[in-house]
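Computed from the coordinates by the stated procedures, all read-outs in this text should not be read as laboratory data. Note that the structure is a prediction, hence the values are computed from the model and not measured. Because the Cβ atoms are built from the backbone with ideal geometry, glycine has one as well, and the counts that use them run over all protein chains shown.
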Amino acid sequence: MKRLNELIAGQQGTVSQLETVNELLVRQCKTLGLIPGAVIEVLRQSRGAGPMQIKCEGTLYAIRSSDAALICIKVA
Amino acid sequence: MRDTTAQIAIIGSPNCGKTTLFNRLTGTHQKTGNWPGVTVERKDGRLNLPSGQKVTAVDLPGVYSLHDDIQGVEARVAHRYLNEHNPELVLVVLDATRLGRQLSLLPDIIATGKPILLVVNMLDSAKAEGIDVDTAALAQGTGLPVVGVVSSTGEGILALKIKIQALLEAYPLVAAHFDVAELARRVYRPTGQVSRTQKIDRWLLHPFYALPFFLLVMYMLFTLAVNLGAVFIDFFDIVLGSIFVEGTRWLAASIGLPAGLQAVLADGLGGGIQLVGTFIPVIGCLYLCMSALEDSGYLSRAAFVIDRMMAKIGLPGQAFIPLIIGFGCNVPAVMAARALGQESARLTTIFIAPFMSCGARLSVYVFVGTAFFPAQAQNAIFALYLLGILVAIGSAWLLRRKLFKDMAAATITEMPAYHRPLLRNVFTQTWHRLHSFIWRAGKRILVVVLVLNVFASWGTDGSWGNQDSENSLLSATGKVMTPMFIPLGVGESNWPATVGLFTGLFAKEVVVGTLDTLYAPVIVEQATGNAVTAPDIGADMKAGLFSIVTNLAGLSGALLDPLGLGAVGQDSEHDAPASYAAMLSLFPSAWGAFCYLVFILLYAPCVATIGVMQKEAGHVWLGFSVVWSLLLSYWLASNLWHASLLLSSPLMALGWIVSSSAVLLIAYQLIMLYMQRDFKNRIAAVNI
């Protein structure tokens, strides 16, 4: 089990759980389809606190590392 | 346009090409407004069906779902519309390249029980990326009618119109029950291949090339929006002034209206129209660039590149563009903050954008600076720009700590695919924004200009036409209020500087004109309103056109110096204006003049900015911002001045610094308490 922000560029994984620390993030992820079971590919990882670029079901998203740390990923 | 014809609604998730489709269907027959009570834009358009029947199409805001309002008001607006109005048909627009995900919006809309037509858009992009979309299976699986289109080229639009017409006549179908995930698998077969967007991102988000490209785009945005737009300002100023100010005055005089009414109509109303008009070129150019950037998909990449830096002051990357634009003009800066999805970020950006020292303020710095510290003007001006940025950062930090601390934020945003910007979309969008500025912000600006101009024109003896003279009510008020500004280092009998603060509200560059006239020894005899002649509009039009040519010639210089800082120091080579002598004698010292400039930088935004702030954020937020900057600027300028007195009269200076800081602290606590109380409800009440 890893956090989304720990994945390196090019890695893929399946969302296993969303931490409920930030309720808004959870709701937003749900509407965007980043729910347990969804496959996420990391396209761009940033150093430090910058944003990372991910791909899920053909759509690209930007997410800050601090928020990505709240998404638990099962690496395939 | 409403109620007389059948209404159809267009709905879809953000970036699905919904607006392109709307523009394609309705052409130029569009009308924009706001949804009642919110700042979400509403667009209605007339759609001519092949049979000649006219229907009204309503473009609903882009939403990911109808029931959860993560995007704040958009989902609520769409939901309310579908429930309360009775659209005879709902077009659900789906992006073919991401069809699987897009389908999740469908169950919400089916639940409203309205007749639905599915429009699968961007079939060309899907094909180019090797994605297989089965529209027949989609129709079969959902039991809903389906049409495939490419709205960027117009392919399939006629078929869509025919289908709409048929469905308006009879809607026979009932939606089937289906499982979204299962259906998605059946109709949408993505290839594992790397999309074109990802290939472009390899370069534009490259670890090394991303930043230079970003800076290049920002530079071009600024030069095109601010410098190219500025080329046409004089044209609007001269021509509108000729028609609305001089023309109105002549007309009013020739039908024998009293001088007071003449002043109200010509200087107040006409002057207001003239002022609003001068913003048209810059705002138009800005929105041409912004819409093109937005349409191309680069805007979200720019936010991505600068995000790390903006995170430090607690704002999303998207806030960078409004702030950069603020260095040119605060008005489009406040308007550009609309692109920010998060309310707290949008409000913060609107709040701090006026602290960005705009081009108009630069002219004041140059005028005062070259008089008092010609050798140090560059440094002084650099210090003022820096001070503005620091105040902005500090305010943003405070807002986040005190006001928005409970407002959780999520930083996940969609990055749309790259598209070639469509001229039709770019021009439509620009026109809507311009229209909204002229009619909605313009109204508010007009009122303030009217009041200020009446004060500037009305003399203490009851006469009219006293602009820029000692006899106007404004000057009288300035004289009375001057003692208030002595702590800033303004000087006891320096009332022109005080009057400049008032006229600076019109537009910051007006301060230069006021100071220049009021400090200059009065030689011109008063000839108030006696000889009103008809304006020579033809000649003024020529002069206006000529100004465009002259300004265009000067544009090449602006390419290397977008902020126009080269003007600093140039003026000192000319003969010093006659007003310099009086100004030099009335300010107690050069440092006093610098403190005055600090106050000019921060005290309050100009009326045009105030107008758009009121429109974009409501009067509570506007009042908060103005009170905040008035207090802060007064404190800052007066403390800078008293710091210079620490040596000569340490007790008085120290006393001032301590007591004013205490007052500021208490005042800020009170303001924050007031704003925090019932904050969310109040914010909801001011259109957010």
Filter the GluC sites (Glu not before Pro) in chain A to those in DSSP coil with at most 15 other Cβ atoms within 10 Å of their Cβ, and list the result.
A:Glu19
Taking only complete DSSP H runs, can you tell me which helices of chain B stretch 15 Å or more along their own long axis by Cα positions and average at least -0.5 on the Kyte-Doolittle scale?
B:157-169, B:210-222, B:280-296, B:298-312, B:359-372, B:377-402, B:442-457, B:473-485, B:537-560, B:590-602, B:607-644, B:650-676
Are there any trypsin sites (Lys or Arg not before Pro) in chain A that are in a DSSP loop and have at most 14 other Cβ atoms within 10 Å? List them by number.
A:Arg47
Quick check on the exposure proxy: order B:Ser547, B:Ser125 from fewest to most C-beta atoms within 10 angstrom.
B:Ser547, B:Ser125
Candidates A:Ile40, A:Ile54, A:Ile63: whichever shows maximal mean-square fluctuation once chain A is modelled as a Gaussian network with Cα springs under 10 Å
A:Ile63
Checking the table B:Lys18/B:Lys312; B:Lys31/B:Lys114; A:Lys2/B:Lys312; A:Lys30/A:Lys74; B:Lys199/B:Lys405; B:Lys18/B:Lys615 against a 29 Å threshold on Cα-Cα, which pairs fail?
B:Lys18/B:Lys312; B:Lys199/B:Lys405
At B:Gln676 and B:Ala581, where each label point lies 7 Å from the Cα along Cα→Cβ, what is the point-to-point distance in nanometres?
5.7 nm
How big is the gap, in Å, between the Cα center of the stretch A:29-76 and the Cα center of the stretch B:385-401?
31 Å
Just tell me how shielded B:303-312 is by partners: mean number of partner chain Cβ atoms within 10 Å of each residue's Cβ, no decimals.
4
Lys, Arg +1 and Asp, Glu -1 on Cβ, resulting dipole of the protein assembly as shown about Cα centre, debye, nearest 20
2180 debye
Just the C-alpha atoms of chain B: what Rg/Rh do they give, with Rh taken as the Kirkwood radius?
1.02
Other protein chain Cβ atoms within 10 Å, averaged over every residue that makes up B:413-419:
4
Once you mark the trypsin sites (Lys or Arg not before Pro) that are in a DSSP loop and have at most 12 other Cβ atoms within 10 Å, what is the longest gap between them in chain B?
B:3-404
Provide the percentage of antiparallel DSSP beta bridges, counting only those with both residues in the stretch B:6-193; round to the nearest 5.
40 percent
Taking the Cα centre of chain B as origin and charging only Cβ (+1 Lys, Arg; -1 Asp, Glu), how large is the dipole, in debye to the nearest 20?
1840 debye
Near B:Lys402, which aspartates and glutamates are there with a Cα under 14 Å away, not counting those fewer than 8 places off in the same chain?
B:Asp678
Which whole-angstrom value gives the distance between the alpha carbon centres of the stretch B:308-330 and the stretch B:147-196?
39 Å
Between the stretch B:60-129 and the stretch B:419-491, how many Å separate their Cα centres?
43 Å
